[in-house]
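So the structure is just underneath, and the comments pick up after that.
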Amino acid sequence: MALTSGKSNIAFTCQRCMQPVRLDQSFSSIEEHTLAELHLPLYAPPPLDLDESINSGLIDKFIPPVTETSNHGFTIVGGSSSDLSPQSNQLRVNTELMNILSEKTEIDHPLCDECCDTLITLLDNELRCAEEECNQYQEFLRKLETEPDTDDIEALEAQLCDLQKEERALREEINELKIAEATAEDNLQRQKSEQSRLKLQEDQFFREYCRHKRQLSETEDQYQSLDNELRYVEGQLERLGKTNALNATFHIWHNGHFATINTFRLGRLPSEPVDWNEINAAWGQTVLLLNSLARKINFTFYGYQLVPFGNHSYIKVLKTKKKKFFIISKN
């Protein structure tokens, strides 16, 4: 229908591929009578009963008449056909022709050669499939017509009764299964609740375990610390048990010609004059040592009392309260 040859102006496009097409020159020789015949339906409608149509409501449908203004998307510029130029009149006729073709079929026109070939191939395939399906239906219809009717009504009724009984049994079984399913669902919900409770209890026990584990670790650390401290104290006690407190407190030695107690010299010479304060301090250390020895052996001086007082130590006479013997030396 659409050709690429000719000298006519391009006024239409293919409705499938949207490529420009040129119409064949034969379209220019179509008359108004031919267009009017093309407006007629392809198939004759069935006879219409007006009374029945009125009662059924079919006659209420309104179908507008086809006019020159109904162009289905194609716009014609200008007035009536009598006022149009030959080119405009030809364009109007071609547009109306395309509208008629598009109304009569489910395919929009115009189409180019390639799209027409594709459409013809597609329609041929659909026609072949429809013919095969029709042949299958005809074969099945002939088979039904030639097949003798040998079905036993009583046997079918008995089979129907059996099937109904089986259906009732199956329905009862379905009801029992539904009850069992509901029971199982309840048990499942209880088990899930029990699982949740046990999960919470497990989490609580795990927290308690972690807390006791931490306390055990802290107790073990504390025990280890106390054990180390005990060992240190025992070592110190053993070392102190072997140590003489008096020897450690009062170190008695000598320095040249002089005896010393805690590095204080006790005495002096003309060649080495020792300060009297140092000598008095040495005498005070001596009194303190003597008093400590007396306490250690529980010895009591009768009538006298040693009073350690540094470098001013003295001996107190118990019978005479005011009488004191100062163990000091003066220049």
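The values are calculated or read from the model by the stated rules, or taken from the named source; none is laboratory data. Just so we're clear, the structure is a prediction, and the values are computed from it rather than from any experiment. For neighbour counting, all protein chains shown are included, and Cβ atoms are generated from backbone atoms with ideal geometry for every residue, glycine included. Remember, those area values only see protein heavy atoms, side chains included, never the ligands or the DNA or RNA. Shrake-Rupley method; radii C 1.70, N 1.55, O 1.52, S 1.80 Å.
Our note on the geometry: Cα centres of the range 117-137 and the range 226-264, 126 Å apart. Kindly provide the trypsin sites (Lys or Arg not before Pro) of the range 230-287 that DSSP labels as loop, not H, G, I, E or B, and whose Cβ sees at most 15 other Cβ atoms within 10 Å. When the trypsin sites (Lys or Arg not before Pro) of the range 230-287 are filtered for loop state and at most 15 Cβ neighbours within 10 Å, Lys242 remain. Of the accessible area of the range 225-303, computed with a 1.4 Å probe over protein heavy atoms only, carbon and sulfur atoms account for 59 percent. Averaged over its residues, the range 118-176 has an accessible area of 96 Å² per residue, based on protein heavy atoms and a 1.4 Å probe. The solvent-accessible area of Leu240, taken with every protein chain present and a 1.4 Å probe, is close to 100 Å².
If R0 is 25 Å, what FRET efficiency do you get for Leu246 and Phe326 from their C-beta distance, rounded to 0.05?
E(calc), rounded to 0.05, equals 0.55.
Heavy-atom accessible area for Lys316, with the other protein chains in place and a 1.4 Å probe, reaches approximately 70 Å².
Here Val233 sits with roughly 80 square angstrom of accessible surface, probe radius 1.4 Å.
Once backbone amide H atoms are built at 1.01 Å from N, Tyr304 has Leu318 as its partners under 5 Å, excluding neighbours fewer than 5 places away on the same chain.
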